[in-house]
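The values are calculated or read from the model by the stated rules, or taken from the named source; none is laboratory data. In this text the structure is predicted, and so the values were computed from the model without any measurement. Positions of Cβ are generated from backbone atoms using ideal geometry, with glycine treated the same way; all protein chains shown enter the neighbour counts.
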């Protein structure tokens, strides 16, 4: 008999009833250190007081009116994003998947409005852009698309890091290039700054729009508000979600005025996107992340965590390989199945996230403390020691 919840998840036998900061509690009071943050969603940890206050205050006033009307919180958050990024305009969604759908539509509408038949979008193997029809077509992996055909046309997947293949494929009839500056699900693979700069130049040469998927690597995760800032480039369109809502479902598409020119009244919409509750929380997240002291603290914590992980690699070479990533979006390439590391971490009351290429992901809250980093490293050390006894 099929369960009441559609069985599409391979869930761990854990259930949490309370959270605070980087910690979660089960019903029996067992405490777990959360180094996954809901897959980079709880950017400020669980139950952050300022976010609870923002949500509670708004919940007592107004929940939903639809986008038939002006929404002050939406305008407030949009202005914060425009003021702090490359963007001239913002559309709010409920998730990263929805942001992908709009990014694809926006790029194709841009060329349609120009009277040019440019619909091809270049993407990269190992990518993850969501689970909608457009998102799985963009990723193109057999795991994502098998059984869901016919697959949406117009996407060409290239090898990750193959500059020659990219240059050959990026011709004058390509509409856009869609890429994650750091692949999350693909195994914490970082696009070097020089490669991102070269990609921006190639897009400028051919007119193709550059779409960045910063759903996982954005919102302070790498130590700057968005990962592309390290390379000193700007996209034409950017997908955002996860950390922007601090745990409340919220996403966005940011764009330049030029890239968004085709998106006029009636070309796109969302019933819930940008609702008063989500935008009240999102605005508070943005206010906290743009405080002068916030990102320097993220970078300090990232340095401490990475140094500790490098030490674990040196101490447990049978278990851990290289450390990957940037900021507090880090991964360890495992020498044993990463799934075994995740399972063994449960025994140490530590929550981590698996990724492709046999990588263990660490995506802690951005306000994680030094003591919590030390505790995470101690628990990972115990995980490795336990596995060394059986390998």
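The table below lists the values:
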read-out	value
Within region 223-236, considering residues that are touching a helix residue (DSSP H, G or I) at 6+ places or on another chain (Cβ under 7 Å) and buried (at least 24 other Cβ atoms within 10 Å of the Cβ), the one nearest to residue 40 (Cα to Cα)	228
Any chance residue 22 is modelled with pLDDT of 95 or more, surrounded by 10 or more Cβ atoms within 10 Å (Cβ to Cβ), within 15 Å of residue 366 (Cα to Cα) and not assigned by TED's automatic domain parsing to the domain that holds residue 370	no
Where residue 49 falls short, out of the listed (1) free of Cβ contacts under 8 Å to residues at least 40 places away in the same chain; (2) surrounded by 13 or more Cβ atoms within 10 Å (Cβ to Cβ)	(2)
Residue check for residue 243: under 23 Å from residue 120 (Cβ atoms) and touching a residue at least 24 places away in the same chain (Cβ under 8 Å)	no
Enumeration of residues in region 25-46 that are exposed (fewer than 14 other Cβ atoms within 10 Å of the Cβ) and farther than 21 Å from residue 374 by Cα	27, 28, 29
Lone qualifier among 375, 347, 300, 338 - being surrounded by fewer than 20 Cβ atoms within 10 Å (Cβ to Cβ), free of Cβ contacts under 8 Å to residues at least 24 places away in the same chain and more than 19 Å from residue 41 (Cα to Cα)	300
Residue within region 312-330 that is under 19 Å from residue 31 (Cβ atoms) and in contact with a strand residue (DSSP E or B) (Cβ under 9 Å, 6 or more places away or on another chain) present	no
Failed item in (1) surrounded by 15 or more Cβ atoms within 10 Å (Cβ to Cβ); (2) over 20 Å from residue 98 (Cβ atoms), with residue 134 passing the rest	(2)
Whichever residue in region 220-236 is touching a residue at least 60 places away in the same chain (Cβ under 8 Å) and not in a loop (DSSP other than H, G, I, E, B) and, among such residues, is nearest to residue 326 (Cα to Cα)	227
Some residue of region 113-121 being modelled with pLDDT under 95, closer than 16 Å to residue 154 by Cβ and surrounded by fewer than 22 Cβ atoms within 10 Å (Cβ to Cβ)	yes
Selection from region 317-332 of residues that are buried (at least 20 other Cβ atoms within 10 Å of the Cβ) and not in a strand (DSSP E or B)	319, 327, 328
Qualifying residues in region 333-352 (those that are assigned to a strand (DSSP E or B) and touching a helix residue (DSSP H, G or I) at 6+ places or on another chain (Cβ under 6 Å)) - the one nearest to residue 25 (Cα to Cα)	350
Filter pass, residue 97 being out of contact with any helix residue (DSSP H, G or I) (no Cβ under 8 Å at 6 or more places or on another chain) and surrounded by fewer than 21 Cβ atoms within 10 Å (Cβ to Cβ)	no
Any hit, region 59-76, residues being in the same structural domain as residue 280 (by TED's automatic domain parsing), under 30 Å from residue 15 (Cβ atoms) and in a strand (DSSP E or B)	no
Test: residue 54 is assigned to a helix (DSSP H, G or I) and touching a helix residue (DSSP H, G or I) at 6+ places or on another chain (Cβ under 6 Å)	yes
Flag for residue 189 being loosely packed, with under 14 Cβ neighbours inside 10 Å, within 26 Å of residue 362 (Cα to Cα), touching a strand residue (DSSP E or B) at 6+ places or on another chain (Cβ under 8 Å) and not assigned by TED's automatic domain parsing to the domain that holds residue 357	no
Matching residues in region 75-86 - criterion: being touching a helix residue (DSSP H, G or I) at 6+ places or on another chain (Cβ under 6 Å) and surrounded by 22 or more Cβ atoms within 10 Å (Cβ to Cβ)	77
Scope region 192-219; condition surrounded by 24 or more Cβ atoms within 10 Å (Cβ to Cβ) and in a loop (DSSP other than H, G, I, E, B); matching residues	208, 214, 215, 216, 217, 218, 219
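Condition check ((1) assigned by TED's automatic domain parsing to the domain that holds residue 106; (2) surrounded by fewer than 24 Cβ atoms within 10 Å (Cβ to Cβ); (3) not in a loop (DSSP other than H, G, I, E, B)) across all residues:
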{"position": "238", "(1), (2), (3)": "yes, no, yes"}
{"position": "254", "(1), (2), (3)": "yes, no, yes"}
{"position": "270", "(1), (2), (3)": "yes, yes, no"}
{"position": "277", "(1), (2), (3)": "yes, yes, yes"}
{"position": "282", "(1), (2), (3)": "yes, no, yes"}
